[in-house]
Amino acid sequence: MCSRTMASKTPVGFIGLGNMGNPMAKNLVKHGYPVIVYDIFPEACKEFQDLGAQVTESPADVAERADRIITMLPSSPHAKEVYTGANGILKKVKKGSLLIDSSTIDPAVSKELAKAVEKMGAVFMDAPVSGGVGAARAGNLTFMVGGVEQEFNAAKELLTCMGSNVVYCGEVGTGQAAKICNNMLLAISMIGTAEAMNLGIRLGLDPKLLAKILNMSSGRCWSSDTYNPVPGVMEGVPSANNYQGGFGTTLMAKDLGLAQISATNTKTPVPLGSQAHQIYRMMCAKGYAMKDFSAVFQFLREEESL
């Protein structure tokens, strides 16, 4: 297949208008693309209707009206349903369509979906993201893309409207592989930052001072300098808003579960990744499921008495 014309403003379908999908789709609108949207929750579509987007009744309806579609869904089962379900994309997909999945799902499921899409004469690429809700709003996401290399430029045309980094990783599934490795490291570093901050506070250090020292020292990481988990240390992050918004604990637990499956399948030891998975699963069981994953600091504080 040939790459599509650059800067083409033909309609783009967008399915999944949650915390990440909403600002991503809005950035496509800002760049002048006519957007055709669907979400399982109709209320999520209302503001897009007000922005002039077409609202549809199902993923199949999106596929009927657009030959370029981006999906942003919570998990592997959701992705399977949207692509191969009774009213899924593949029921009405056009030959030659480009389907880009920005969900974080099992790499094996991405490969399975790619085969189903290929049978319909269309192209599937996995393009999970890193950067969180703030980067989604600002259009500064990082996309990790797996799929047919000849189609990368066509995908990049759309993805650069929503992200500042678009990286080709290899065949289908490699984007997902990069994402779950990144999120496993993120989970481990967030727990480490929360532990260090908690210990320092108990030793009498001012949290802002400690964060400043960490961020000019060898302990510096994204969790300490950009997304600090301690309330009052930084503005504009979930810890400053009772851990609301951002990247949910339940989603982090899901991503760590994907890393565990991949580690098992490849016989790869991931002892810290396994421990992080258990910590986030415990958090979900103790009422933190809907809070941002940086709430691990709060969780550790509450666990001190045990």
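Hey, got the Cα dimensions of the chain along the principal axes, in Å, largest first?
Per principal axis, max minus min of the Cα coordinates gives 63, 46, 33 Å.
For the range 1-139, please report how many Lys pairs fall under 23 Å Cα to Cα, leaving out neighbours fewer than 8 apart on the same chain.
Taking the range 1-139 as the scope, the lysine pair count is 28.
Please find the FRET efficiency linking S217 to E118, where r is the Cβ-Cβ separation and R0 is fixed at 30 Å, and quote it to the nearest 0.05.
0.05
Report the FRET efficiency, 1/(1 + (r/R0)^6), for Q244 and N87, where r is their Cβ-Cβ distance and R0 is 30 Å, rounded to 0.05.
Efficiency for this residue pair is about 0.40.
Give the peptides 253-266, 55-68 in descending order of average Cβ contacts within 10 Å, highest first.
55-68, 253-266
Quick one: length gained pulling Q150 to T268 fully straight, 0.36 nm per residue minus the C-alpha distance?
Roughly 39.3 nm would be gained on extension.
Which one of G13, T264, G287 is farthest out on the positive end of the charge dipole of the chain, using unit charges on Cβ (Lys, Arg +1; Asp, Glu -1) and the Cα centre as origin?
Result: G13.
Where in the range 106-127 does the label zone of T10 land, with the point 7 angstrom along Cα→C-beta and an amide N cut-off under 16 Å?
Flagged as within label range: 121-124.
How large is the accessible surface per residue of the range 177-300, computed with a 1.4 Å probe and reported in Å² as a whole number?
So the range 177-300 comes to 49 Å² accessible per residue, rounded to a whole number.
Within 13 Å, Cβ to Cβ, of L251, how many net charges do the neighbouring residues add up to if Lys/Arg are +1 and Asp/Glu are -1?
+2
With unit charges on the beta carbons (Lys and Arg positive, Asp and Glu negative) and the dipole taken about the Cα centre of the chain, which residue among G121, Q54, I40 sits farthest to the positive side?
About the Cα centre, the residue reaching furthest to the positive side is G121.
Just subtract the alpha-carbon distance of N165 and Q275 from 0.36 nm times their residue separation and send over the number in nm, one decimal.
Full extension from N165 to Q275 adds 36.6 nm.
Quick one: pull the percent of accessible area on the chain belonging to carbon and sulfur, 1.4 Å probe, ligands and nucleic acids left out.
Accessible surface attributable to carbon and sulfur in the chain totals 56 percent.
On average, how much accessible surface per residue is there in the range 2-172, in Å², for a 1.4 Å probe, leaving out ligands, DNA and RNA?
I get 43 Å² per residue for this part.
Estimate the FRET efficiency between K286 and I261 by the formula 1/(1 + (r/R0)^6), using the beta-carbon distance for r and 35 Å for R0, to the nearest 0.05. Intermediate values should be presented prior to the final figure.
Numbers: r = 24 Å, r/R0 = 0.68.
Efficiency at R0 = 35 Å is approximately 0.90.
Among A25, L300, V148, flag the residue with its Cα farthest along the positive direction of the charge dipole of the chain, charges on Cβ as +1 for Lys/Arg and -1 for Asp/Glu.
Towards the positive end, the residue furthest out is V148.
Based on the Kirkwood radius over alpha-carbon pairs, what is the Stokes-Einstein translational diffusion coefficient of the range 2-172 at 25 °C with 0.890 mPa s viscosity, in µm²/s?
Details: Rh = 15.4 Å.
Reported coefficient: 159 µm²/s.
Which residues does a label at K111 reach in the range 58-99, if reach means a backbone N under 18 Å from a point 7 Å past the Cα toward the Cβ?
Residues 76-77, 80 qualify, since their backbone N sits under 18 Å from the label point.
To the nearest 10 degrees, how steeply does helix 107-119 sit against the main Cα axis of the chain, on a 0 to 90 scale?
Helix 107-119 and the main axis of the chain meet at about 10 degrees.
The values are calculated or read from the model by the stated rules, or taken from the named source; none is laboratory data. Just so you know, these numbers come straight off a predicted model, no measurement behind them. Neighbour counts are summed over all protein chains in view; Cβ atoms, including those assigned to glycine, are modelled from backbone coordinates with ideal geometry. Ligands, DNA and RNA are stripped out before the accessible areas are found, and what is left, the full protein with its side chains, is counted by its heavy atoms. Shrake-Rupley method; radii C 1.70, N 1.55, O 1.52, S 1.80 Å.
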